[in-house]
Each structure stands twice: as structure tokens, then as C-alpha cells.
Amino acid sequence: FTRMGAGGIGGKAAGLLLLQQEFLPRLDRDEFPELRISLPRSVVIGTSMFEAFMDLNDLWELVRGNPSDQRIADAFMRAHLPPELVGDLRDLISQVHAPLAVRSSSLLEDDLDHPFAGVYSTKMIPNNQPDTDSRFRCLDEAIRFVYATTFFASARDYFRATGLDHRQERMAILI
């Protein structure tokens, strides 16, 4: 379990971390010898990188309005990830050649009273291009798209329906 950036890690990442640190070490392997549990190697991008991304690209004003999903997606696809994140992601992608799931892990996503399951997107990338630059571009685009889904109409509608303040949402990414 590797972390990039500070801030929150969201519900999905926190759940995996809890399994890794608390549950698996307590599992008595002698009691259940046929049971095999393994967690995938994971990287979480903390919410500080989301905030830096939004600030760097001046996206807060856009998402405060009521833009279409297409307008949001276009703006996020033209945006750039924070430079301090880019180097870490390039290092990651140079070492990993397996398919990757780029998943939302928002601070509000696993709220017990208002679960957000299915509201945000996951992007699967094959990560099978022969060159590191191509694999990095796919990862970069997937992260920016998952960030964009934080503000899509379905998410805004869900916030309104649950009475939660959409402005409080922050997105972490689980890879």
C-alpha cells in the first residue's frame, strides 16, 4: 500500500488499508489452512492532490455552476496533474505492466447514511502499451476523468437528494 500526496484517502482506500493492517495479521492461518486472502498492491492518491489539481487548473469556478458533464469532462481532460504527482506516477507506471483500475475513493463515498456506491466512475486501463509514455498518458487521463466524475450531474443530483453539501466533497484515487 503506497500513498502519494497528503490529505484523506477516502472510503475504499481506508477499507483496504484496514484489511491489510488490522484484519489479515490477526487471521489464524492454522485454523483456516485452505483460505487464501491476498490484497492487490495498491496506490492511493490523497485528497491534497485533488485540491492541488483543482487549484492549478482553476477548476473550482467551473464546477460551482451547473455545467454539463461534457463541459466538465472537456475541462478536466485539458487540465494538468500537479507536477509533484506526475513524477511519482511516471515512476509507478515504469514498474507496472499489468492492467490497472483507477477508482474513486472519496471522503463521502462510503458514508453509512448516504452511500455513494456507483455515483463516481472507475476507469480500467489495459496498461499494455510497450512504451512508458503511452502507459503514463492513459493513467493520467484515467485519473483526470475520475476526478471529473466528482462533479457530474449524477453526483450533483445525489448530493441534492441526500441534503449533503457538494462543496465538501474531496476525491482520493485508488489505483
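Among the candidates Ser42, Ser38, which residue alone is open to solvent by 70 Å² or more (accessible area, probe 1.4 Å), modelled with pLDDT under 95 and either among the polar types (S, T, N, Q) or touching a Pro at 6+ places or on another chain (Cβ under 7 Å) (or both)?
Ser38
Tell me yes or no: at least one residue of region 83-104 is in contact (Cβ under 8 Å) with a residue 40 or more places away in the chain and in a loop (DSSP other than H, G, I, E, B).
No: region 83-104 contains no residue that is in contact (Cβ under 8 Å) with a residue 40 or more places away in the chain and in a loop (DSSP other than H, G, I, E, B).
Kindly list the number of the only condition in (1) outside any loop (DSSP other than H, G, I, E, B); (2) among the small types (Gly, Ala, Ser); (3) free of Cβ contacts under 8 Å to residues at least 40 places away in the same chain that fails for Ala172.
(3)
Look at Phe116 and say whether it is touching a strand residue (DSSP E or B) at 6+ places or on another chain (Cβ under 7 Å) and modelled with pLDDT under 95.
yes
If I filter region 51-82 down to residues being assigned to a loop (DSSP other than H, G, I, E, B) and more than 21 Å from Gly5 (Cα to Cα), which single residue comes out as modelled with the lowest pLDDT?
Going through the qualifying residues, I end up with Gly65.
The values are calculated or read from the model by the stated rules, or taken from the named source; none is laboratory data. Quick caveat, the model's predicted, so the values are computed rather than measured. Heads up, the Cβs are rebuilt from the backbone with ideal geometry, glycines too, and the neighbour counts pull from every protein chain shown. Quick note on the areas: whole protein, heavy atoms, side chains included, nothing else; ligands and nucleic acids left out. Shrake-Rupley method; radii C 1.70, N 1.55, O 1.52, S 1.80 Å.
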